[in-house]
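Below is one structure, written out as C-alpha coordinates, with a few remarks after it.
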Amino acid sequence: MSLQADQTTIQAILAGDMQAYTTLVNTYKDGAVMLAYNILLNREDAEEAAQDAFVSVYTSLHTFRAASRFSTWLYRIVLNTALNKKKIKKRVTARLTEVPPGELPADFGSAYTTGITADQRKHIQQAMRALNERERICVTLYYLNELSVEEIHELTGISRSNVKVLLHRGRKNLYQSFNILFKEEVTDLI
(Lines give C-alpha, C1' and ligand atoms only; values in the text may rest on other atoms or scores of the structure.)
Protein backbone atom coordinates (compact mmCIF):
# COMPACT_ATOMS: atom_id res chain seq x y z
CA MET A 1 0.00 0.00 0.00
CA SER A 2 1.25 3.50 -0.75
CA LEU A 3 1.78 6.10 1.95
CA GLN A 4 -1.31 8.00 0.79
CA ALA A 5 -3.44 4.84 0.68
CA ASP A 6 -2.28 3.93 4.20
CA GLN A 7 -3.27 7.38 5.47
CA THR A 8 -6.68 7.17 3.83
CA THR A 9 -7.29 3.69 5.23
CA ILE A 10 -6.19 4.73 8.73
CA GLN A 11 -8.51 7.74 8.68
CA ALA A 12 -11.39 5.49 7.61
CA ILE A 13 -10.63 3.04 10.45
CA LEU A 14 -10.53 5.86 12.98
CA ALA A 15 -13.92 6.98 11.63
CA GLY A 16 -15.30 3.50 12.41
CA ASP A 17 -15.05 1.75 9.03
CA MET A 18 -14.41 -1.92 9.86
CA GLN A 19 -14.05 -2.83 6.17
CA ALA A 20 -11.04 -0.50 6.01
CA TYR A 21 -9.50 -2.38 8.95
CA THR A 22 -10.05 -5.67 7.09
CA THR A 23 -8.31 -4.17 4.06
CA LEU A 24 -5.39 -3.07 6.22
CA VAL A 25 -5.04 -6.52 7.81
CA ASN A 26 -5.27 -8.29 4.45
CA THR A 27 -2.59 -6.00 3.01
CA TYR A 28 -0.04 -6.60 5.77
CA LYS A 29 -0.90 -10.02 7.24
CA ASP A 30 1.53 -12.07 5.13
CA GLY A 31 4.46 -9.81 6.01
CA ALA A 32 3.49 -9.77 9.68
CA VAL A 33 3.18 -13.55 9.92
CA MET A 34 6.42 -14.07 7.97
CA LEU A 35 8.31 -11.75 10.34
CA ALA A 36 6.84 -13.46 13.41
CA TYR A 37 7.57 -16.90 11.93
CA ASN A 38 11.22 -16.03 11.38
CA ILE A 39 11.48 -15.16 15.07
CA LEU A 40 9.35 -17.93 16.58
CA LEU A 41 9.99 -20.69 14.00
CA ASN A 42 6.50 -22.06 14.54
CA ARG A 43 3.54 -21.34 12.26
CA GLU A 44 0.82 -21.38 14.93
CA ASP A 45 2.81 -19.14 17.28
CA ALA A 46 3.59 -16.78 14.40
CA GLU A 47 -0.07 -16.50 13.41
CA GLU A 48 -1.03 -15.87 17.03
CA ALA A 49 1.69 -13.22 17.44
CA ALA A 50 0.57 -11.48 14.24
CA GLN A 51 -3.04 -11.57 15.38
CA ASP A 52 -2.07 -10.12 18.77
CA ALA A 53 -0.09 -7.41 16.98
CA PHE A 54 -3.08 -6.48 14.81
CA VAL A 55 -5.24 -6.21 17.93
CA SER A 56 -2.62 -3.88 19.43
CA VAL A 57 -2.56 -1.88 16.21
CA TYR A 58 -6.33 -1.50 16.28
CA THR A 59 -6.42 -0.35 19.89
CA SER A 60 -3.56 2.11 19.50
CA LEU A 61 -4.07 3.28 15.92
CA HIS A 62 -5.07 6.72 17.20
CA THR A 63 -1.49 7.16 18.48
CA PHE A 64 0.11 6.47 15.07
CA ARG A 65 2.05 9.48 13.83
CA ALA A 66 2.58 9.68 10.10
CA ALA A 67 6.23 10.63 10.63
CA SER A 68 7.17 7.14 9.45
CA ARG A 69 5.54 4.58 7.19
CA PHE A 70 2.66 2.59 8.66
CA SER A 71 4.42 -0.68 7.77
CA THR A 72 7.44 0.32 9.88
CA TRP A 73 5.18 1.01 12.86
CA LEU A 74 3.25 -2.23 12.35
CA TYR A 75 6.37 -4.38 11.97
CA ARG A 76 7.80 -2.84 15.14
CA ILE A 77 4.68 -4.02 17.00
CA VAL A 78 4.90 -7.47 15.37
CA LEU A 79 8.61 -7.71 16.23
CA ASN A 80 8.02 -6.81 19.89
CA THR A 81 5.01 -9.13 20.14
CA ALA A 82 6.93 -12.07 18.67
CA LEU A 83 10.01 -11.45 20.84
CA ASN A 84 7.83 -11.21 23.97
CA LYS A 85 6.00 -14.39 23.00
CA LYS A 86 9.35 -16.12 22.54
CA LYS A 87 10.54 -15.01 26.00
CA ILE A 88 7.31 -16.12 27.65
CA LYS A 89 7.37 -19.44 25.84
CA LYS A 90 10.93 -20.09 27.02
CA ARG A 91 9.96 -19.40 30.63
CA VAL A 92 6.68 -21.29 30.66
CA THR A 93 7.39 -24.26 28.43
CA ALA A 94 9.58 -27.04 29.74
CA ARG A 95 10.66 -28.85 26.62
CA LEU A 96 10.81 -32.55 27.22
CA THR A 97 11.51 -33.37 23.61
CA GLU A 98 12.53 -31.11 20.78
CA VAL A 99 9.69 -30.67 18.30
CA PRO A 100 10.55 -29.51 14.77
CA PRO A 101 9.21 -26.06 13.88
CA GLY A 102 5.80 -25.98 12.21
CA GLU A 103 5.78 -26.03 8.46
CA LEU A 104 4.31 -23.17 6.52
CA PRO A 105 1.16 -24.04 4.58
CA ALA A 106 1.43 -24.14 0.78
CA ASP A 107 -0.58 -20.92 0.36
CA PHE A 108 1.34 -18.99 3.05
CA GLY A 109 2.78 -15.68 1.97
CA SER A 110 1.74 -16.06 -1.65
CA ALA A 111 3.33 -12.69 -2.47
CA TYR A 112 6.68 -14.09 -1.31
CA THR A 113 6.45 -17.62 -2.63
CA THR A 114 4.94 -17.24 -6.08
CA GLY A 115 6.54 -19.80 -8.38
CA ILE A 116 8.38 -21.59 -5.58
CA THR A 117 7.95 -25.34 -5.31
CA ALA A 118 7.35 -27.15 -2.03
CA ASP A 119 10.92 -28.47 -2.05
CA GLN A 120 12.35 -25.02 -2.66
CA ARG A 121 10.17 -23.62 0.13
CA LYS A 122 11.49 -26.35 2.45
CA HIS A 123 15.09 -25.45 1.53
CA ILE A 124 14.46 -21.76 2.12
CA GLN A 125 12.95 -22.52 5.54
CA GLN A 126 15.93 -24.71 6.47
CA ALA A 127 18.38 -22.02 5.38
CA MET A 128 16.50 -19.31 7.29
CA ARG A 129 16.46 -21.45 10.45
CA ALA A 130 20.25 -21.78 10.18
CA LEU A 131 20.66 -18.00 10.56
CA ASN A 132 21.00 -16.51 14.01
CA GLU A 133 17.96 -14.57 15.21
CA ARG A 134 19.30 -11.07 14.47
CA GLU A 135 20.36 -12.06 10.95
CA ARG A 136 16.99 -13.73 10.35
CA ILE A 137 15.12 -10.61 11.53
CA CYS A 138 17.18 -8.25 9.34
CA VAL A 139 16.96 -10.49 6.26
CA THR A 140 13.19 -10.87 6.72
CA LEU A 141 12.62 -7.15 7.19
CA TYR A 142 14.87 -6.15 4.29
CA TYR A 143 14.00 -8.73 1.65
CA LEU A 144 10.51 -9.93 2.54
CA ASN A 145 9.01 -6.84 4.16
CA GLU A 146 11.02 -4.49 1.89
CA LEU A 147 12.15 -2.11 4.61
CA SER A 148 15.24 0.05 4.18
CA VAL A 149 18.33 -0.17 6.38
CA GLU A 150 17.20 3.08 8.04
CA GLU A 151 13.75 1.64 8.78
CA ILE A 152 15.26 -1.57 10.18
CA HIS A 153 17.47 0.59 12.41
CA GLU A 154 14.44 2.52 13.67
CA LEU A 155 12.43 -0.64 14.17
CA THR A 156 15.04 -2.81 15.92
CA GLY A 157 17.37 -0.29 17.51
CA ILE A 158 20.31 -2.00 15.79
CA SER A 159 22.80 0.55 14.43
CA ARG A 160 22.74 1.19 10.68
CA SER A 161 26.23 -0.22 10.21
CA ASN A 162 25.36 -3.33 12.23
CA VAL A 163 22.18 -3.83 10.15
CA LYS A 164 24.37 -3.79 7.02
CA VAL A 165 26.78 -6.28 8.62
CA LEU A 166 23.90 -8.56 9.66
CA LEU A 167 22.43 -8.41 6.15
CA HIS A 168 25.84 -9.22 4.66
CA ARG A 169 26.37 -12.15 7.06
CA GLY A 170 22.81 -13.33 6.52
CA ARG A 171 23.24 -13.36 2.73
CA LYS A 172 26.59 -15.12 3.09
CA ASN A 173 25.15 -17.75 5.45
CA LEU A 174 22.10 -18.26 3.21
CA TYR A 175 24.41 -18.72 0.24
CA GLN A 176 26.44 -21.32 2.14
CA SER A 177 23.29 -23.12 3.30
CA PHE A 178 21.87 -23.17 -0.22
CA ASN A 179 25.15 -24.52 -1.58
CA ILE A 180 25.07 -27.37 0.95
CA LEU A 181 21.35 -28.08 0.49
CA PHE A 182 21.43 -28.03 -3.29
CA LYS A 183 24.69 -29.95 -3.50
CA GLU A 184 23.05 -32.73 -1.46
CA GLU A 185 20.01 -32.57 -3.74
CA VAL A 186 22.17 -32.80 -6.88
CA THR A 187 24.17 -35.67 -5.35
CA ASP A 188 20.94 -37.51 -4.58
CA LEU A 189 19.82 -37.12 -8.20
CA ILE A 190 23.06 -38.58 -9.56
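The values are calculated or read from the model by the stated rules, or taken from the named source; none is laboratory data. This is a predicted model, so every value here is computed, not measured. Cβ atoms come from the backbone with ideal geometry, glycine included; neighbour counts cover every protein chain shown.
Brief remarks follow.
Residue by residue, here is whether (1) of a type outside the set (Val, Ile, Thr); (2) surrounded by fewer than 16 Cβ atoms within 10 Å (Cβ to Cβ); (3) in contact (Cβ under 8 Å) with a residue 60 or more places away in the chain holds:
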position: 17; (1), (2), (3): yes, yes, no
position: 33; (1), (2), (3): no, no, yes
position: 55; (1), (2), (3): no, yes, no
position: 60; (1), (2), (3): yes, yes, no
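- For the stretch 149-161, the criterion of a residue being touching a Leu at 6+ places or on another chain (Cβ under 9 Å) and free of Cβ contacts under 8 Å to residues at least 12 places away in the same chain is satisfied by no position.
- If you go through the stretch 19-31 and keep only what is surrounded by 21 or more Cβ atoms within 10 Å (Cβ to Cβ) and not aromatic (Phe, Trp, Tyr), you end up with 24, 31.
- Residue within the stretch 157-166 that is in contact with a Cys (Cβ under 6 Å, 6 or more places away or on another chain) and either farther than 16 Å from residue 40 by Cα or surrounded by fewer than 21 Cβ atoms within 10 Å (Cβ to Cβ) (or both) present: yes
- Residue in the stretch 33-53 that is in a helix (DSSP H, G or I), over 19 Å from residue 142 (Cβ atoms) and among the polar types (S, T, N, Q) present: yes
- Any hit, the stretch 99-122, residues being under 30 Å from residue 13 (Cα atoms), modelled with pLDDT under 75, buried (at least 17 other Cβ atoms within 10 Å of the Cβ) and among the small types (Gly, Ala, Ser): yes
- Answer from 76, 43 - the residue that is in contact (Cβ under 8 Å) with a residue 12 or more places away in the chain, touching a Gly at 6+ places or on another chain (Cβ under 8 Å) and surrounded by fewer than 22 Cβ atoms within 10 Å (Cβ to Cβ): 43
- Scanning the stretch 136-151 for residues that are within 12 Å of the chain's Cα centre (by Cα) and acidic (Asp, Glu) returns a single hit, 146.
- Residue list for the stretch 131-151, filter: loosely packed, with under 15 Cβ neighbours inside 10 Å and in a helix (DSSP H, G or I): 133, 143, 150
- Test: residue 10 is buried (at least 17 other Cβ atoms within 10 Å of the Cβ) and either in contact with an Asp or Glu (Cβ under 9 Å, 6 or more places away or on another chain) or not in a helix (DSSP H, G or I) (or both): no
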